[in-house]
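The values are calculated or read from the model by the stated rules, or taken from the named source; none is laboratory data. Because the structure is predicted, anything quoted here is derived from the model rather than measured. Note that we place each Cβ from the backbone using ideal geometry, even for glycine, and neighbour counts take in every protein chain shown. Side chains included, ligands, DNA and RNA excluded: accessible areas come from the protein's heavy atoms. Shrake-Rupley method; radii C 1.70, N 1.55, O 1.52, S 1.80 Å.
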Amino acid sequence: MMRSSSFQSSPRRGTRSAQTTKGAADFLRAHDKMSALLPAVTRMAALQKDCSTILPAVFDTCSVLKFEADQLVLTVPNAALSAKLKQQLPKLQDNLVQRGWQVNAIRLKLQPRKIDEKSRKIKQLVLPSQAISSFDALSSSLENSPQNEPLKAAINAMLRHHRQAR
């Protein structure tokens, strides 16, 4: 059975966030038991938006975890940001009260985020042709001795690698 709701998705159209929010709202609306969560989700989204408006620089990486019994719990990704946010909690609480939220206390919970493997980029060094020719000349000029063999082998391996990369 479907229920109707007055929940509106995020006004930012065309963004992944808006699409996810709309999909979540549609899912919640479609199920009777899940639709009971919609008011709580709407309330949390409004609270997150107000916190982001009050402290925009800090709330890029923080989020509202829960709001129960007039106690607001925020997640913070690291201790440095937690220390910075602690200094601004009175301002945040006063502004939230002015906006109609009954916030008597604010707690911070450290919740480090997992580093996205895709965001790490491996830096590939490319030697200029002058450097390659200099290493080639160095390898040729080294005396053939047991002491120089490992160095010559390393230089030649590096040269092969950089010549194949081009």
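Calculate what fraction, in whole %, of the accessible area of the stretch 122-166 sits on carbon and sulfur atoms when a 1.4 Å probe is rolled over the protein chains. Before the final figure, lay out each step's value.
Values: 2040 of 3650 Å².
Looking at the stretch 122-166 in its full context, I get 56 percent from C and S.
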#### Entry: Arg29/Asp70 FRET efficiency (R0 45 Å; Cβ-Cβ; nearest 0.05)
0.95
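What's the Kirkwood radius of the stretch 41-166 in Å, using all Cα pairs?
Details: mean 1/r = 0.0516 Å⁻¹.
After inverting the mean inverse Cα-Cα distance, the result is 19.4 Å.
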